[in-house]
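This report refers to the structure that appears directly beneath it.
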Amino acid sequence: MDPMIASASVIAAALAVGLAAIGPGIGQGNASGQAVAGIARQPEAEGKIRGTLLLTLAFMESLTIYGLVVSLVLLFANPFS
Amino acid sequence: MLNSIPVLLSPILAELEVGKHLYWELGGMKLHGQVFITTWLVMGALIVVSLFATRKVERIPSGIQNLMEYALEFIRDLAKNQIGEKEYRPWVPYIGTLFLFIFVSNWGGALVPWKLIHLPAGELAAPTNDINTTVALALLTSLAYFYAGFRKRGIGYFAKYIEPTPVMLPINILEDFTKPLSLSFRLFGNILADELVVAVLVLLVPLFVPLPVMLLGLFTSAIQALVFATLSAAYIAEAMEGHGAEEHG
């Protein structure tokens, strides 16, 4: 592989997953905080809140995973090499 | 993942192979053989367990029959929650197959020491860490919700494309493409990421330290199976009800 393309791909891969982690990080923090507030206000609803929270976190997590998929494609299946 | 460079971090301790496959030629097509082997093993395990559970059905369940009844109740509740009391019954087999197949492949890939079996090329792992498997599952879900919509609403199904206003037409059409895309990428990325993280940690510290990450991997792969099944059920429910129903990412 051309060293220029290789270095650009590595930087792009790092940026892809790093930037993709910012938004979901903020979102997951918000969601978890609200869930904790909900449990503190209504402890008997803990089971339901926890189930919904886990599912929601998985949805937010998948946004980072999209960035990860892009970076994996750049590293292991680079279309320009 | 097509042809690509293998990454051999350290050939002695741990080998990390992405994009290397055991190719089978079939009628001019190249198949990823290792995925087929593990898929068949997962299917075989599921069929054998189901046969054993239903061979001698008793009134008071015990042992394996108990386990399978628990699984069935879980899947039925999942479908009922998403699709609703009236319509859920015909979709329980589909949702259940998705959930059980993904769950057993994810856990099978994480728990069975596949790496001890050496193949000429590539390595055995969970079938869901190959993009082809997850795309196939996601496209099945697309077909399922189109079928559900047409079955329920006939040609009026297309009315959902211009709801609430015709301005939304391009976005609604785009949604049909982003649904399978996000479903397949979510599952594929999560499973592959788990395996990569474990492989990198095993490379750095071969003993004990990767264990918590492996446990986290088991947890996320179970959640991913649940998410895939839940989303499929939600899409089917949305197609049957039209817009305005509850929507999920």
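The values are calculated or read from the model by the stated rules, or taken from the named source; none is laboratory data. Given the structure is predicted, the values throughout are model-derived calculations rather than measurements. In this analysis, Cβ positions are derived from the backbone assuming ideal geometry, glycine residues included, and neighbour counts consider all displayed protein chains.
Just a yes or no: is a residue in the range A:26-48 among the β-branched types (Val, Ile, Thr) and either under 30 Å from A:LEU72 (Cα atoms) or within 11 Å of chain B (Cβ to nearest Cβ) (or both)?
If we filter the range A:26-48 for residues that are among the β-branched types (Val, Ile, Thr), which is where we start, we get A:26, A:36, A:39.
Now restrict to residues that are either under 30 Å from A:LEU72 (Cα atoms) or within 11 Å of chain B (Cβ to nearest Cβ) (or both): A:26.
So far as the range A:26-48 goes, yes, one or more of its residues are among the β-branched types (Val, Ile, Thr) and either under 30 Å from A:LEU72 (Cα atoms) or within 11 Å of chain B (Cβ to nearest Cβ) (or both).
Could you tell me whether B:ALA159 is over 14 Å from the mean Cα position of the chain (by Cα) and away from every other protein chain (no Cβ under 14 Å)? Spell out how you get there, then give the answer.
Numbers: over 14 Å from the mean Cα position of the chain (by Cα): yes; away from every other protein chain (no Cβ under 14 Å): yes.
So B:ALA159 passes the test.
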* Working only within the range A:57-81, note down all residues that are facing another protein chain (nearest Cβ under 9 Å), touching a residue at least 12 places away in the same chain (Cβ under 8 Å) and of a type in the set (Ser, Thr, Tyr). => A:THR64, A:TYR66, A:SER81
* **Flag for B:THR220 being surrounded by 12 or more Cβ atoms within 10 Å (Cβ to Cβ), within 14 Å of chain A (Cβ to nearest Cβ) and of a type in the set (Ser, Thr, Tyr)** => yes
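Residues to consider are B:LEU51, B:LEU46; find the one that is touching a helix residue (DSSP H, G or I) at 6+ places or on another chain (Cβ under 7 Å), of a type in the set (A, V, I, L, M), modelled with pLDDT of 80 or more and in a helix (DSSP H, G or I).
Details: B:LEU51 fails: touching a helix residue (DSSP H, G or I) at 6+ places or on another chain (Cβ under 7 Å).
The unique qualifying residue is B:LEU46.
Does A:LEU54 satisfy being more than 10 Å from every other protein chain (Cβ to nearest Cβ) and either farther than 17 Å from B:PHE185 by Cβ or assigned to a helix (DSSP H, G or I) (or both)? Even if it seems obvious, please write down each step before you answer.
Numbers: more than 10 Å from every other protein chain (Cβ to nearest Cβ): no; either farther than 17 Å from B:PHE185 by Cβ or assigned to a helix (DSSP H, G or I) (or both): yes.
Here the answer is no, as A:LEU54 does not meet what is asked.
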* Considering only the range B:93-126, how many residues are surrounded by 18 or more Cβ atoms within 10 Å (Cβ to Cβ), more than 19 Å from B:ALA193 (Cβ to Cβ) and either touching a Lys or Arg at 6+ places or on another chain (Cβ under 6 Å) or modelled with pLDDT under 90 (or both)? -> 0
* Structure fact -> Residue count, the range B:152-167, condition out of contact with any helix residue (DSSP H, G or I) (no Cβ under 7 Å at 6 or more places or on another chain), without any contact (Cβ under 8 Å) to a residue 60 or more places away in the chain and assigned to a helix (DSSP H, G or I), comes to 6
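Is it the case, given these coordinates, that B:VAL213 is within 27 Å of B:PRO127 (Cα to Cα) and either within 14 Å of chain A (Cβ to nearest Cβ) or of a type in the set (Phe, Trp, Tyr) (or both)? Lay out the reasoning, then the answer.
Numbers: within 27 Å of B:PRO127 (Cα to Cα): yes; either within 14 Å of chain A (Cβ to nearest Cβ) or of a type in the set (Phe, Trp, Tyr) (or both): no.
It is false that B:VAL213 is within 27 Å of B:PRO127 (Cα to Cα) and either within 14 Å of chain A (Cβ to nearest Cβ) or of a type in the set (Phe, Trp, Tyr) (or both).
Quick check on B:GLU175: is it among the charged types (D, E, K, R), more than 14 Å from chain A (Cβ to nearest Cβ), in a helix (DSSP H, G or I) and under 24 Å from the mean Cα position of the chain (by Cα)? Steps first, answer last, please.
On the way: among the charged types (D, E, K, R): yes; more than 14 Å from chain A (Cβ to nearest Cβ): yes; in a helix (DSSP H, G or I): yes; under 24 Å from the mean Cα position of the chain (by Cα): yes.
Answer is yes for this residue.
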* Scope the range A:1-44; condition crowded, with 16+ Cβ neighbours inside 10 Å, polar (S, T, N, Q) and within 18 Å of A:LEU55 (Cα to Cα); matching residues -> A:GLN28
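Just one of B:TYR157, B:TYR145 is surrounded by 11 or more Cβ atoms within 10 Å (Cβ to Cβ) and either touching a Leu at 6+ places or on another chain (Cβ under 6 Å) or closer than 24 Å to B:THR97 by Cα (or both); which is it? Before the answer, list the steps.
Details: B:TYR157 fails: either touching a Leu at 6+ places or on another chain (Cβ under 6 Å) or closer than 24 Å to B:THR97 by Cα (or both).
One residue alone meets the criteria, B:TYR145.
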* Determine whether the range B:77-98 contains at least one residue that is assigned to a loop (DSSP other than H, G, I, E, B) and of a type in the set (Lys, Arg). => yes
* To do: Any chance you could count how many residues in the range A:48-66 are at pLDDT below 85 and surrounded by fewer than 14 Cβ atoms within 10 Å (Cβ to Cβ)?
  => 1
* Evaluate the range A:37-53: report whether one residue or more is touching a Lys or Arg at 6+ places or on another chain (Cβ under 9 Å) and among the acidic types (Asp, Glu). => no
